[in-house]
Each structure stands twice: as C-alpha cells, then as structure tokens.
Amino acid sequence: MTHRILVRGGHVVSMDDAVGDRPGCDILIEDDVIAAVEPGLDPAGADEVIDARDTVVIPGFVDTHRHLWMTVLRGTQADETLGGYQQTVQGPLPFAVQPQDVYAGTLLGAWEALNAGITTVLDYAHLNPTLEHAEAGIRALRETGIRALYAHGSVFGVRRPWGSPEQAEYVRELLRPRQDDRLLTFGIAFGAPYGEADWALAAELDVPATLHACVRSAGAWPASHTIEELNARGLLRAGTVYSHCTIATDAELKLIADSGGHVSVSPYVEMAMGHGRPVITRALAQGLLPSLGADVVSSGPGDMFSLMRAAFGQARAETVPDDPDAPYRPGLTARDVLRFATAGGAAACGLGDITGSLTPGKRADLVTVRTDQINTMPAGDPVGVVVANADVSTIDTVLVGGVARKRGGRLLADLPGLRDLARDAAARLRQHAGNSVAAHAGQG
C-alpha cells in the first residue's frame, strides 16, 4: 500500500531548471519517490503532512569525499598540515583500528551528516585491512539510513598491499555479492600507486572509482601530476571521482572533463592543511561541475554550510583584481555553490537520476531550512540565505527516500549511545596507537 507524505507550503528551490523555484509550494511523496511539485496539492489523501511554511525546501546535500571512520578523531588535527597528518594518522593507527572502531566512526559520521542535511555521502573508506572492518562500516551506513556510495579502499596497504592479487581477491569477495539497493551503491577507492589492475578490477565489478589526485604534498610524498600520468597510460575512466586536484594543470582538468570524470573539492581542509588552492574556478573554466566534500572532521567542519561558504569565499577572492582601482566582477553566485552541493554531488556519485534535485520521479531526499530563526529572517533571497546565513541549527526536517532522519530540528538517533560508542573507540585508539593524534581523540 502506497504511503503518501505531503510537504506543504515551503519555498521550493528545486535545483531543476524545468521545475524552478516555487514559493508556497507543495511536494507530494509516494513511498520513496517525489510524485509532484505543485502549489495547492490536496492534502486529503496524504498519510502525513509536513508543515514547511517559513522554510526553504532544498534537495538533500551530497558530500563526495569523506572518510567517515575518522569521525572518532574529531578535532585532533585542526592545526595539522598534510605532512603531519600522514606521519601521525597514517602511522600506527591502521594497525590499531578495530572493526568496532570503524563501525563507531562511520555510524557517528553518517548521523552527523544527516543532522547537517547531507542525505548522500561518498564514504571514501580507506582503512579496511579485513573484511570485518569493511562489513562494520557498511553495517553502520545501513543502520543510519543515509544514501551512500561506499567506496572501498585500503590506502594504507595493511596486510594486503593495494594492487596485489590478494587485495584484488579480497575486494571481489566483498563487492561481488552486493546488489545495489535503494540506498547503498558500491565502488572502489584506489590506493597509490595507481595501476592498470585497479581500473581492470573496477571494470570487472562494474563499479565506479575514486582516488586522491594531484595534491600538494609538502614533502609527505613526491608530488605528481596523477591525471597526466594516468592519461598517458590510457587509464582515465568515465565516472571516476578525482579528489582535490589542487596542483592539477588546466590541461589535466580538461582531461578529466573530456573523459567523463568528476572533481571533488574539499575547500576548508585543502586550505587549512596545505593541500593547495581549491580548483573551483579553474575546474569550471574547463567544463567541470565541481562537487564538495568534508574530507576529514579531524581537521575541519562536517557540515555543508561551512563547505559552501569556504568554497564561495575562496573562489570569489581569486577573481579580485590586483589593481585596487579595477572593478570587481565575480562570476560565481550563491546558486552555483548550492548546485555544487546538490546536483553536482549527485552527478559525481553516479546518482544524478536518483537525487540532487527536487524532480518528480527522483527519490524523496530533501531538507527544510527554517527562515524564521534569528540568523535566517527575513529571507529576502532564499538561496542566498541557505548559502550565506543558515547553519545546522536551522535545519528542521531531513528526509532520505521519504523517511525522516530529522524532524522538528531533532535528530532521530540514539545520541547517548553514539556518544558512548565514540568515546570507547577513541579510548581504544589512545591505548593502542600511542601517537600524538590518538592521544587527544575523544577528550572533552
């Protein structure tokens, strides 16, 4: 029997040019699908009515680069550089993290994302020395009800070096039995060095791939122009998500665009940790629609509002003329950045026909942002308010496939249980890892 929800009276910002922006509009949801976006829909046949007056209704945000298991290390790397991160987090931690720690970090991180209106996440799961670790992360994603592209990886090469026959068979064992369901899809997060076997395995399993590419390493590892090298070897593949690309040349960005790939930008972390300058304006110039990712909450924020503002400010600052008397004509708009955070992210995850806009026929992934709060009223320009003024506290409702994960500003999660899991995991890492990062994890 069909379950119908009517989201009534909100200012709809659909991110679909055919639907447009519609004040005082209703959205009819049938089971997990958007059935109609029209004003004045009859509430009589609805099983549930959500009052969306005094809200902006937007598609759920899509985060395209996030290491969810690291959520239990929140804030421990706020002052760190990328080189320092490599020496500490990627030192003894891979040998200390247990499956229950991956479960705790992924569960906490996914709920954090949902609380912030992120309904879809690309989980770059780069610590999986055993099937038990991987299964723990997948189980956590399923329990939260977030939509996710689970990108399995083992960047650290623990027990099974990446690219080895043992690693390939392990990935086959994990991913072959999987069937895409209504919420989870699966992919591979490649670990360096990148070889022909990586792409062959992704093609064999018919799954998308993602990798860190063209990052300013500051001595952490030799800087390289990954895209150029992959292109020379004929390894660029449509649907691949290339994260960061801060030292990519314009020619490399054009190669990504021409091959049907995508760029994920983590603007806050890239600037704070020294990855390099975010490539938003250069990516746009080469025909790419960027998407946004939090990367690691050990170093930066985990909400899309912070990422949109970091991206907006950095990209517009790049266009300020050196001549103080020259006119300033920024090209990037708030709507552009909101598109990065919604439709751009969905396209990068291969889910553009599923989510990323409020379009009839797509899944009902949506967020209502209150415009009657002290930091959002009066909402003269709803898009401007969402990008420049709103924050997590103004999110009223979050639906994923028509199922509420946050209602009335309250996250529908077991917060005390999450807190206990996170503290236990952090305590284990402090005890076993014995490095300066883990020593601070979970305190406070």
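Amide H neighbours of Gly75 under 5 Å, at least 5 residues apart or on other chains, H built in the peptide plane: list them.
The answer is Ser298, Ser299, Gly300.
5 Å is the cut-off here: which amide hydrogens, built 1.01 Å from N in the peptide plane, fall below it relative to Ile188, excluding neighbours closer than 5 in sequence?
His152, Ala209, Thr210
Top to bottom by accessible area (1.4 Å), largest first, where do Ile247, Ile146 land? Don't jump to the answer; show the numbers that get you there.
Values: Ile247 50, Ile146 0 Å².
From most accessible down to least: Ile247, Ile146.
What is segment 2-141 by shape, rounded, prolate or oblate, if you read a ≥ b ≥ c off the alpha carbon gyration tensor as root eigenvalues and call it rounded for a/c under 1.5, prolate for a/b larger than b/c, and oblate otherwise?
prolate
Report relative contact order for segment 1-82 in percent, whole number only (criteria: Cα-Cα under 8 Å, sequence separation at least 6). Mind showing how you got there, number by number?
Working: 129 pairs, mean separation 26.7, N = 82.
In percent, rounded to a whole number, it is 33.
Of the peptides 99-107, 270-278, how do they stack up when ordered by the mean number of other Cβ atoms within 10 Å, highest first? It would help to have the intermediate numbers written out before the result.
Values: 99-107: 24.4, 270-278: 21.4.
Ranked from most to least packed, the peptides come out as 99-107, 270-278.
Quick one: what are the phi-derived ³J(HN,Hα) couplings along segment 101-116, Karplus 6.51/-1.76/1.60 with θ = phi - 60°, whole Hz, x for glycine and proline?
6, 4, 4, 5, x, 5, 4, 4, x, 5, 5, 4, 4, 4, 4, 8
Mind checking the dipole of segment 233-287: about its Cα centre, +1 per Lys or Arg Cβ, -1 per Asp or Glu Cβ, Debye to the nearest 20?
Working: 5 positive and 4 negative charges, 16 e Å.
Here segment 233-287 has a charge dipole of around 80 debye.
Could you sort Lys362, Lys254, Lys406 by accessible area so the largest value comes first, with the probe set to 1.4 Å? If you can, show how the numbers build up before the last one.
Details: Lys362 35, Lys254 85, Lys406 5 Å².
In descending accessible area the options line up as Lys254, Lys362, Lys406.
Lys/Arg Cβ at +1, Asp/Glu Cβ at -1, dipole of the chain taken about the Cα centre: which of Leu236, Ser299, Thr226 is farthest positive-ward?
Selected residue: Ser299.
Spelling out what I want: for every residue of segment 420-431, take phi, set θ = phi - 60°, compute 6.51 cos²θ - 1.76 cosθ + 1.60 (Karplus), and round to whole Hz; glycine and proline get x.
5, 4, 5, 5, 5, 5, 4, 5, 5, 5, 4, 5
What size of dipole, in debye to the nearest 20, comes out for the chain about its Cα centre when the only charges are +1 on Lys and Arg C-beta atoms and -1 on Asp and Glu C-beta atoms? Display every interim value, and only then the final one.
Details: 37 positive and 53 negative charges, 138 e Å.
For the chain, the charge dipole is close to 660 debye.
For the chain, what is the percent of antiparallel DSSP beta bridges, rounded to the nearest 5?
About 45 percent, rounded to the nearest 5.
For the chain, what's the relative contact order in percent, using C-alpha pairs closer than 8 Å and at least 6 residues apart? Mind showing how you got there, number by number?
On the way: 1009 pairs, mean separation 96.6, N = 444.
Rounded, it is 22 percent for the chain.
Measure nothing fancy, just the Cα-based angle from helix 304-317's long axis to the longest principal axis of the chain, in degrees from 0 to 90, nearest 10.
80
Quick check: at a probe of 1.4 Å, how many percent of the accessible area of the chain sits on carbon and sulfur atoms?
Details: 8560 of 17000 Å².
That fraction is 50 percent.
Step through the residues of segment 339-347 one at a time and calculate ³J(HN,Hα) from phi using the Karplus curve (6.51 cos²θ - 1.76 cosθ + 1.60, θ = phi - 60°), rounding each to whole Hz and writing x for Gly and Pro.
Here the 3J(HN,Hα) series is 5, 4, 7, 10, 4, x, x, 4, 4 Hz.
At 1.4 Å probe size, with every protein chain present, just tell me what the per residue accessible area of the chain comes to in Å². Intermediate results must be reported in sequence, preceding the final value.
On the way: 17000 Å² over 444 residues.
With all protein chains present, the chain gives 38 Å² per residue.
Once you have the Cα-Cα distance between Glu204 and Arg277, take 0.36 nm times their residue separation minus that, and quote the gain in nm to one decimal.
Details: separation 73, 0.36 × 73 = 26.28 nm, distance 3.53 nm.
Using 0.36 nm per residue and subtracting the Cα-Cα distance, I get 22.8 nm.
Using a/c under 1.5 as the rounded threshold, could you call segment 341-430 rounded, prolate or oblate? The axes a ≥ b ≥ c are square roots of the C-alpha gyration tensor eigenvalues, and prolate needs a/b larger than b/c, oblate otherwise.
On the way: a/c = 2.01, a/b = 1.32, b/c = 1.52.
Because a/c hits 1.5 or more and a/b fails to exceed b/c, segment 341-430 counts as oblate.
Once R0 is set to 30 Å, what does the formula 1/(1 + (r/R0)^6) return for the Cβ-Cβ distance between Glu30 and Asp353, expressed as a FRET efficiency to the nearest 0.05? List each step's numbers first, then the result.
Numbers: r = 18 Å, r/R0 = 0.58.
Once the sixth-power term is evaluated, E becomes 0.95.
Restricting everything to alpha-carbon atoms, can you work out Rg to Rh for segment 303-382 with a Kirkwood hydrodynamic radius? Can you show the working numbers first?
Working: Rg = 16.1 Å, Rh = 15.0 Å.
Looking at segment 303-382, the ratio lands at 1.07.
In the chain, if the dipole is taken from +1 on Lys/Arg beta carbons and -1 on Asp/Glu beta carbons about the Cα centre, which of Ala168, Thr333, Ser14 is farthest to the positive end?
The listed residue farthest towards the positive side: Ala168.
Sort segment 259-332 into rounded, prolate or oblate with this rule: let a ≥ b ≥ c be the square roots of the eigenvalues of the Cα gyration tensor; rounded if a/c is under 1.5, and if a/c is not under 1.5, prolate when a/b is larger than b/c, oblate otherwise. Don't jump to the answer; show the numbers that get you there.
On the way: a/c = 2.21, a/b = 1.38, b/c = 1.60.
It is oblate, given that a/c is not under 1.5 and a/b is not larger than b/c.
May I ask you to rank Thr120, Thr185 by accessible area, largest first, using a 1.4 Å probe over the protein chains only?
On the way: Thr120 0, Thr185 25 Å².
Descending accessible area places them as Thr185, Thr120.
Which far-off residues, 5 or more places away or on another chain, put their amide H under 5 Å from the one on Lys362, with H placed in the peptide plane?
Ile34
Rounding to the nearest 10 and keeping the result within 0 to 90°, find how far the Cα-based axis of helix 131-144 lies from the longest principal axis of the chain.
On a 0 to 90 degree scale, this one is about 10.
Determine how large the accessible area of Glu135 is when every protein chain is in place; take a 1.4 Å probe and give Å² rounded to the nearest 10.
Estimated to the nearest 10 Å², Glu135 gives 80 Å².
Under Stokes-Einstein, with the Kirkwood radius over Cα pairs standing in for Rh, what whole-number D in µm²/s applies to the chain at 37 °C and 0.692 mPa s? Kindly include the intermediate steps, with their values, before the conclusion.
On the way: Rh = 22.1 Å.
Estimated diffusion coefficient is 149 µm²/s.
The values are calculated or read from the model by the stated rules, or taken from the named source; none is laboratory data. It should be emphasised that the depicted structure is a prediction, and the values quoted were computed from it without experimental measurement. Virtual Cβ from ideal backbone geometry, glycine too; neighbours counted across all protein chains shown. Keep in mind that these areas ignore ligands, DNA and RNA; they rest on the heavy atoms of the full protein, side chains included. Shrake-Rupley method; radii C 1.70, N 1.55, O 1.52, S 1.80 Å.
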